[in-house]
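Chemist: First the structure, then my questions, so here it is.
The values are calculated or read from the model by the stated rules, or taken from the named source; none is laboratory data. These numbers were taken from a predicted model, which means no experiment stands behind them. We place every Cβ from the backbone using ideal geometry, glycine too, and count neighbours over all the protein chains shown. SASA here: full protein model, heavy atoms, side chains in, ligands and nucleic acids out. Shrake-Rupley method; radii C 1.70, N 1.55, O 1.52, S 1.80 Å.
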Amino acid sequence: MAHLAHYREAHPMPFVITHWINLVCMILLIITGFSIHFPFWGGFMGIARGVHVFCGFVIFLNCIVRLIMAFFVKSSPDGGTRYQVTDYKTWLPQADNRHQLGAWIKYYLFLKKDHPLGAKLGVPQKISYLAIPILIIVMFYTGLCLWAPTMNWGFMAAGTDLVGGLMSMRIIHYFMMYVFICFMFIHIYLANIEGISPTLLMFFWKEHGGLVYDPENHVIVGEDDLHHKKA
């Protein structure tokens, strides 16, 4: 097998659940967002606004919960191992892979056939994922600046004045939606560039055999075909 094994320890169930919530909310936010900006469905505006606001609060709270869990829940820092560390320690490029940035970029751009081994995420993935909580929080804030019950609150009103008024804030909120759309497509590509095994693990907690990796010595130590799971 050419790729690292995919173990459940890489994506503990609490993170699987928050990932599902993010996916559902993002899809609903995008659909309702388009419906609000381009009301092409007659009689749907009230429902679209209600769903949009609800999902906005859910994805924001889900983001905060996920950030907090990262300091308490453990996950594997690398593919091919069941060894776990507190999740926040896996966010930044680690000692065994931070030098691999150039090689990963070449691999993603089809300039290199093989990618480096080590870490469950490539270095560019780690860096890009760090921006997502920040973007969600900023998106939530711009939404509150546009929502009637909160738009006149001091902190929201100050932000609206800073960018030049409600129309400017609406434009910022709208075009940030495209940032999330682009991220979703890039995320799907990066997660499945070698096959759908990572997706099956994240969404259905289905493990997949492969190379076994020793994160302490940074070497491949064998292969796991998961036959022991069938025994």
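Chemist: Could you please put E194, E216, E207 in sequence from largest to smallest accessible area, using a 1.4 Å probe?
Modeler: Ranked list, largest accessible area first: E216, E194, E207.
Chemist: Here's something else I'd like to know. What is the dipole size for the chain, taken about its Cα centre, with +1 at each Lys and Arg Cβ and -1 at each Asp and Glu Cβ, in debye to the nearest 20? Don't skip to the end; give the middle numbers.
Modeler: Details: 16 positive and 13 negative charges, 72 e Å.
It comes to approximately 340 debye.
Chemist: Please give the contour-minus-distance gain from I47 to I196: 0.36 nm per residue of separation, less the Cα-Cα distance, rounded to one decimal in nm.
Modeler: Details: separation 149, 0.36 × 149 = 53.64 nm, distance 3.46 nm.
So the extension gain works out to 50.2 nm.
Chemist: Shifting gears a bit: Given labels modelled 7 Å from the Cα in the Cβ direction, how far is it in nm from I64 to K113?
Modeler: 5.1
Chemist: If you roll a 1.4 Å probe over the chain with all protein chains in place, what percent of the accessible area is carbon or sulfur? Present the calculation step by step, with values, prior to reporting the outcome.
Modeler: Working: 9370 of 12970 Å².
Result for the chain: 72 percent of the exposed heavy-atom area is carbon or sulfur.
Chemist: May I pose another question? In whole Å, what are the extents of the range 68-133 along the principal axes defined by its C-alpha atoms, from largest to smallest?
Modeler: Ordered largest first, the range 68-133 gives principal extents of 39, 26, 16 Å.
Chemist: For Cα pairs less than 8 Å apart in space and 6+ apart in sequence, what is the mean separation divided by the residue count of the chain, i.e. the relative contact order in percent? Walk me through the numbers before you get to the answer.
Modeler: Working: 280 pairs, mean separation 63.1, N = 231.
About 27 percent, as a whole number.
Chemist: Sorted by accessible area (1.4 Å probe), largest first, how do F140, F175 line up? Don't skip to the answer; put the middle values down first.
Modeler: Working: F140 35, F175 120 Å².
Per-residue accessible area, sorted high to low, gives F175, F140.
Chemist: In nm, to one decimal, how far is the modelled label at M151 from the one at T86, with both set 7 Å along Cα→Cβ?
Modeler: 4.3
Chemist: While we're on this one: Which residue, chosen from M184, G50, F38, occupies the Cα position most advanced towards the positive end of the dipole of the range 10-224, where the dipole is computed from +1 (Lys, Arg) and -1 (Asp, Glu) charges on Cβ about the Cα centre?
Modeler: Final value for the positive-end residue is F38.
Chemist: Take the Cα atoms of the range 10-224, find their three principal axes, and give me the spread along each one in whole Å, biggest first.
Modeler: If we take the Cα atoms of the range 10-224, the spans are 59, 36, 34 Å.
Chemist: Now, a different point. Using the heavy atoms of the protein chains and a 1.4 angstrom probe, tell me the accessible area per residue for the range 10-224 in square angstrom. It would help to have the intermediate numbers written out before the result.
Modeler: Working: 11760 Å² over 215 residues.
Per-residue value: 55 Å².
Chemist: If you don't mind, there's one more thing I want to ask. How many angstrom separate the Cα center of the range 6-41 from the Cα center of the range 71-91?
Modeler: After rounding, the separation between the Cα centres reads 23 Å.
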